[in-house]
Amino acid sequence: MPSATPARPALLGGAPLRTTPFPKHTTMMGDEEKRLVLDVIDDGELSGFSGRVGDRFLGGRMVKALEAEVCKYFGTAFAISFNSATSALHAMVAAAGIGPGDEVITSPFSMAASASAVLMHNAVPVFADIDPATYCLDVASVERAITPRTRAIMAVNLYGHPAALDRLRALADARGLFLFEDNAQSAGATLAGKLTGTWGHAAALSLNYHKAIQCGEGGLVITDDPTLALHCQLIRNHGEVVLGDLPDADVPSHLGWNYRLSEVNAAVAVAQMAKLDPLIAIRRRLAERLTALLSGINGVTPAVPAPGCTHSYYLYPIQLDPERLGLSRATIVKALAAEGFPVNAGYVKPIYWLPMYQRKAAYPKQCPFTCGHYTGDVSYAKGLCPVTEDLHMRTLIIVDICKYPNTMADVEQFAEAFGRVLGHREALRAAGHV
Ligand SMILES: Cc1ncc(COP(=O)(O)O)c(C=O)c1O
């Protein structure tokens, strides 16, 4: 943080620190992606899937190449590609046999799909609060939320930070539950040297445009469990059609979807896998610099990985203490935007605030809440998860600057803007910006 008296903030009429727009998020898309996509196009077969028993039931050569690369990276026995992480999340829930009458405990501080996946199979999401140090599920809160109806915990590794996966796995094992990981945001992060995505019985990954690597839209389930893997494969590709023809008569009945990834998307993703570690290394370098620049400011908590964790910095969260800073979050966000640095006030709304939860109506006739199978009375009352609500409403800002092709200079300029705003708190307050 620069110590000299910072120049007048743009919100008070000074020149904005930055006027050039930020570059697009590009994930090093290049020649290798083009080569593999052209190869698919020259071949003409843009999807290798067929909904019949046989090799093509599991997809084409790029889909298989991607799954092999992902198994190698994560060290898992199986990777099953999907056309999004949302379909991968749904498949995990369905593959575990979770359905009407069951509950799955998850985080309210996530993209809606972590919980929607549970509703998609007519089970009920139960929200536990989060740990403000990691933004991920608080283990004690999860424990309190367990009921006789609980079948699984869906941990979300948020912003690139691992949830307390070691303790959640121990809890899940002790109570006979599945532990799933929504690892859409956190590929490459580790806890105790072990990658996120490999602590649970299964995990979902995302390859949508915004993620560390991408193929436009895409996702995967990774698991070591052959039964979960087989069920995911059936759910991905119209499983109901092939069940009668499978050699193993013990496979339970399964409705399948078309959750297949195209060969074009898979080709891009194959090339992107080689860039995952280099892209995360860039994020780490930039994020660690930002942490150093923000450390020591009274009232500001930068993103510091919990002991034993490495962060992959999908986003960079900063907690503000508005009382200590003498400025509200809204003023800080407005002043940073005026300097040319748009940041998010809070993250997404706590999921249970969404009207669907407030009305308890995901489907007509209010299923799954009143379908007759469900004997619980889940609460989505405002105030349910106070830590989540306070972070969202009052104290958290989200910064998206630590990603390629942004540079160290961008990060340093952001920190300078932050210093400029905080260095003029009295003047901002005097001008009515409280
Ligand atoms: C935590 C989390 N879960 C799930 C998803 C859904 O991913 P997809 O867009 O690949 O379906 C996202 C996407 O942003 C996410 O951030």
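Filter region 174-187 down to the residues that are out of contact with any Gly (no Cβ under 8 Å at 6 or more places or on another chain) and away from the ligand (no atom under 11 Å from the Cβ), then identify the one that is nearest to Pro125 (Cα to Cα).
Initially, region 174-187 is screened for residues out of contact with any Gly (no Cβ under 8 Å at 6 or more places or on another chain), giving 174-177, 182.
Now narrow it down to the ones that are away from the ligand (no atom under 11 Å from the Cβ): 174-177.
Values: Ala174: 21, Arg175: 18, Gly176: 18, Leu177: 14 Å.
Restricting to residues being out of contact with any Gly (no Cβ under 8 Å at 6 or more places or on another chain) and away from the ligand (no atom under 11 Å from the Cβ), the top hit is Leu177.
Has region 316-334 got any residue that is out of contact with any helix residue (DSSP H, G or I) (no Cβ under 6 Å at 6 or more places or on another chain), within 22 Å of Ala409 (Cβ to Cβ) and of a type in the set (Gly, Ala, Ser)?
no
Condition check: crowded, with 16+ Cβ neighbours inside 10 Å, assigned to a helix (DSSP H, G or I), among the β-branched types (Val, Ile, Thr) and touching a residue at least 40 places away in the same chain (Cβ under 8 Å). Does Val333 satisfy that?
Details: crowded, with 16+ Cβ neighbours inside 10 Å: yes; assigned to a helix (DSSP H, G or I): yes; among the β-branched types (Val, Ile, Thr): yes; touching a residue at least 40 places away in the same chain (Cβ under 8 Å): yes.
Criteria met by Val333.
Among the residues of region 300-314, write down those that are in contact with a helix residue (DSSP H, G or I) (Cβ under 6 Å, 6 or more places away or on another chain) and part of a loop (DSSP other than H, G, I, E, B). Lay out the reasoning, then the answer.
Within region 300-314, the first condition is being in contact with a helix residue (DSSP H, G or I) (Cβ under 6 Å, 6 or more places away or on another chain), and the residues that meet it are 300, 302, 312-313.
The answer is Pro302, Ser312, Tyr313.
Specify which of the listed residues (Cys402, Cys371, Cys367, Cys385) is in contact (Cβ under 8 Å) with a residue 40 or more places away in the chain and surrounded by fewer than 17 Cβ atoms within 10 Å (Cβ to Cβ).
The conditions single out Cys371.
Please specify each residue of region 1-55 satisfying the condition of being touching a Ser or Thr at 6+ places or on another chain (Cβ under 7 Å) and either without any contact (Cβ under 8 Å) to a residue 12 or more places away in the chain or aliphatic (A, V, I, L, M) (or both).
Leu46
Yes or no: Ala77 in contact with a Pro (Cβ under 8 Å, 6 or more places away or on another chain), crowded, with 24+ Cβ neighbours inside 10 Å, small (Gly, Ala, Ser) and over 30 Å from Ala287 (Cα atoms)?
When the stated conditions are applied, Ala77 does not pass them.
Scan the helices (runs of 4 or more DSSP H) fully inside region 77-146 and keep the ones with 3 or more residues being small (Gly, Ala, Ser) and more than 12 Å from the ligand (Cβ to nearest atom).
Output list reads 139-145.
Looking for whichever is modelled with pLDDT of 95 or more and among the acidic types (Asp, Glu) here; the options are Glu240, Glu263. Which one fits?
Within the list Glu240, Glu263, the selection yields Glu263.
Which pairs have Cβ atoms under 6 Å, sit 6 or more apart or on different chains, and link a residue in region 211-240 that is without any contact (Cβ under 8 Å) to a residue 60 or more places away in the chain to one that is surrounded by fewer than 22 Cβ atoms within 10 Å (Cβ to Cβ) and among the polar types (S, T, N, Q)?
Here the result reads none, with nothing in region 211-240 linked to a residue that is surrounded by fewer than 22 Cβ atoms within 10 Å (Cβ to Cβ) and among the polar types (S, T, N, Q).
One residue is enough: does region 343-364 have a residue meeting the conditions of a type in the set (A, V, I, L, M), surrounded by fewer than 16 Cβ atoms within 10 Å (Cβ to Cβ) and not in a loop (DSSP other than H, G, I, E, B)?
Scanning region 343-364, I find no residue that is of a type in the set (A, V, I, L, M), surrounded by fewer than 16 Cβ atoms within 10 Å (Cβ to Cβ) and not in a loop (DSSP other than H, G, I, E, B), so the answer is no.
Answer yes or no: is there a residue in region 158-166 that is surrounded by fewer than 16 Cβ atoms within 10 Å (Cβ to Cβ) and under 21 Å from the mean Cα position of the chain (by Cα).
Checked against the condition, which is being surrounded by fewer than 16 Cβ atoms within 10 Å (Cβ to Cβ) and under 21 Å from the mean Cα position of the chain (by Cα), region 158-166 yields at least one hit.
When only residues in region 202-240 that are farther than 22 Å from Thr26 by Cα and touching an Asp or Glu at 6+ places or on another chain (Cβ under 6 Å) count, which is nearest to the ligand (Cβ to nearest atom)?
Of everything passing the filter in region 202-240, Ala204 is nearest to the ligand (Cβ to nearest atom).
With respect to Leu195, determine if the residue is away from the ligand (no atom under 16 Å from the Cβ), surrounded by 21 or more Cβ atoms within 10 Å (Cβ to Cβ), on the phi < 0 side of the Ramachandran plot and within 16 Å of the chain's Cα centre (by Cα).
yes
The values are calculated or read from the model by the stated rules, or taken from the named source; none is laboratory data. Everything numeric in this text was worked out from a predicted model, so none of it was measured. Quick reminder, even Gly has a Cβ in these numbers, built from the backbone with ideal geometry, and neighbours come from all protein chains shown.
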